[in-house]
Amino acid sequence: MRQALNPRSITARLILAVLAVELLSSILVVVFSFGYERHSHFRAFDVLLHGRADSILGAIGETDDKTDNIQLESSVLNPFPDEIYEVYDSAGHLLGRSSNWQGLGFILPKSPRGEYTNLQVNGHGYRALRIEGTRLIDPDDHGGKLRTVVIFYGARTEKVWHSIRGTVEFYAAGTLFLLLVTGPLIAWLLHRGLLPLRQLATLAGHVSVDSWQFHPPATARTTPELAPLTHAIESVLQRLQGSFEQQRAFVSDAAHELKTAVAVAKSSLQLLTMKRRSLDEYQAGLERCLTDTQRLEELVASMLTLARIEAAPASSTNDNPDIAPPPSTDLTASIRQTVATLQSVADLRQVQLIAQPDSAPIPVPVPPDDLSLLLSNLTLNAIQHSPPDSTVSLHLAIEAHSAVLTIQDHGDGIAPEALPHVFDRFYRGDPSRNRNTGGTGLGLAIAHAIAIKAGGSIHLTSQLAQGTTATIRLPILP
């Protein structure tokens, strides 16, 4: 529960939110109960007022003299100690009032809001009723005479308000009790409900460079809210593990390649120092050392190029103005330039280099140097693996929003078991890919990295003794 007390934790926020909703609901219940109880109690109280006013009307009778006047017979009334009343005839003459107050002194006019009035008498709150009634006088004298009277009757409201307060206090105490009971229960349920998330975080925290084991609990996979997060963590860890393993393999392979190149250069120098040599022998030995050094320099340059390409941000065709636009290079012009550059190499190996006729400019999201490196690596690789009097063809097509370039040779091909590894760094499973060709084992890896960074792909298909076809797919910029 210590995490639930942290105001920044999700558990604490959920608990506070639920408690706030419960508190607001409790307040609304109290407010609505107050309104309902006030309405119902005063409605019953008004009925009582009307009944008492009718009883006062029944106590009005005619006088004993012959003036045909009316009077209030107080002897038949049983007034309550806290009630007030007064009665007027139609002429405004006071017929009688209760003994516990001085009266209004005038006939209360009709209220536009109804016949009920709230007032203060002797420091107490009263609710009063004004009604008009008629009494029949001398019914035996030609049907009698009707006399109109105005009755003002009121009673104290302390008991009504006391009853309302008692009911509202009961509701308030009940909701407060429920809040106190359900608050800790909700906190416990939320804390327990978030247990799979904490377990997932704990297991993910145990993952390190030396330990990639991540086995999420079954509840994390079956919970709809946690299943996407679990899948995302697994995918990220798998990619990170692959990247770390690839990095380790790259460092190991690079160290091996550099060690071999340095050992060859060292052996050439040691061979010169073993005995006296002639000038021609020293010159030949130095040339071998220079060749070994150049091969070492090419290896280091290729490694730096691959590291630079993989460290660069991936290209994007997003139109968001906040994102820098991707680089743009004309693929058609780059193919033309690559063919012109490698034509002499093809002529030297007696290989015919064929490219389709020039087409319209096709912009692709690859820097010019990287696109030239991609095309030259794949084209040179096809030329080097082609026998004399064969052809290497380059064909460019457009499919949907992608440019598709195929580079086909008619060489010895690649063995099926080696084909899945041709883009691995320093891979030389194909005997033709050895140091005699001057390669470093990074050409295809560099080409693959360039295509992937641009949002494209490279795919090789090959058959032994028939040749190899490289298919490069790159997105076209609008």
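Summary of values
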read-out	value
Residue match in segment 319-340 (condition: outside any loop (DSSP other than H, G, I, E, B), out of contact with any Pro (no Cβ under 6 Å at 6 or more places or on another chain) and modelled with pLDDT under 90)	no
Conditions (1) over 30 Å from Leu19 (Cα atoms); (2) out of contact with any helix residue (DSSP H, G or I) (no Cβ under 8 Å at 6 or more places or on another chain); (3) part of a loop (DSSP other than H, G, I, E, B); (4) not aliphatic (A, V, I, L, M); number of the one not met by Phe244	(3)
Segment 247-282: number of residues that are loosely packed, with under 14 Cβ neighbours inside 10 Å, of a type in the set (D, E, K, R) and part of a loop (DSSP other than H, G, I, E, B)	2
Segment 218-246, residues that are hydrophobic (A, V, I, L, M, F, W, C) and surrounded by 11 or more Cβ atoms within 10 Å (Cβ to Cβ)	Ala220, Leu226, Ala227, Leu229, Ile233, Val236, Leu237, Leu240, Phe244
Answer from Ala403, Ala451, Ala382, Ala418 - the residue that is assigned by TED's automatic domain parsing to the domain that holds Gln343, in contact with an Asp or Glu (Cβ under 7 Å, 6 or more places away or on another chain), surrounded by 14 or more Cβ atoms within 10 Å (Cβ to Cβ) and modelled with pLDDT of 90 or more	Ala382
Residue within segment 101-118 that is at pLDDT 85 or above and either outside any strand (DSSP E or B) or of a type in the set (A, V, I, L, M) (or both) present	no
All positions within segment 131-169 that are touching a strand residue (DSSP E or B) at 6+ places or on another chain (Cβ under 9 Å), of a type in the set (Ser, Thr, Tyr) and either at pLDDT 90 or above or closer than 15 Å to His50 by Cβ (or both)	Tyr153, Thr157
Any hit, segment 28-45, residues being assigned by TED's automatic domain parsing to the domain that holds Lys159, touching a residue at least 24 places away in the same chain (Cβ under 8 Å), in a helix (DSSP H, G or I) and more than 55 Å from the chain's Cα centre (by Cα)	yes
Residue list for segment 209-238, restricted to those being assigned to a helix (DSSP H, G or I) and at pLDDT 80 or above	Ala227, Pro228, Leu229, Thr230, His231, Ala232, Ile233, Glu234, Ser235, Val236, Leu237, Gln238
Test for Arg433: is it modelled with pLDDT under 90, closer than 28 Å to Gln247 by Cβ, surrounded by 20 or more Cβ atoms within 10 Å (Cβ to Cβ) and within 47 Å of the chain's Cα centre (by Cα)	no
Filter pass, Arg192 being surrounded by fewer than 18 Cβ atoms within 10 Å (Cβ to Cβ), modelled with pLDDT under 90 and more than 20 Å from Ser55 (Cβ to Cβ)	yes
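The values are calculated or read from the model by the stated rules, or taken from the named source; none is laboratory data. Being a predicted model, the structure only gives us computed values, none of them experimental. All Cβ positions, even for glycine, are placed from backbone atoms using ideal geometry, and neighbour counts span all protein chains on display.
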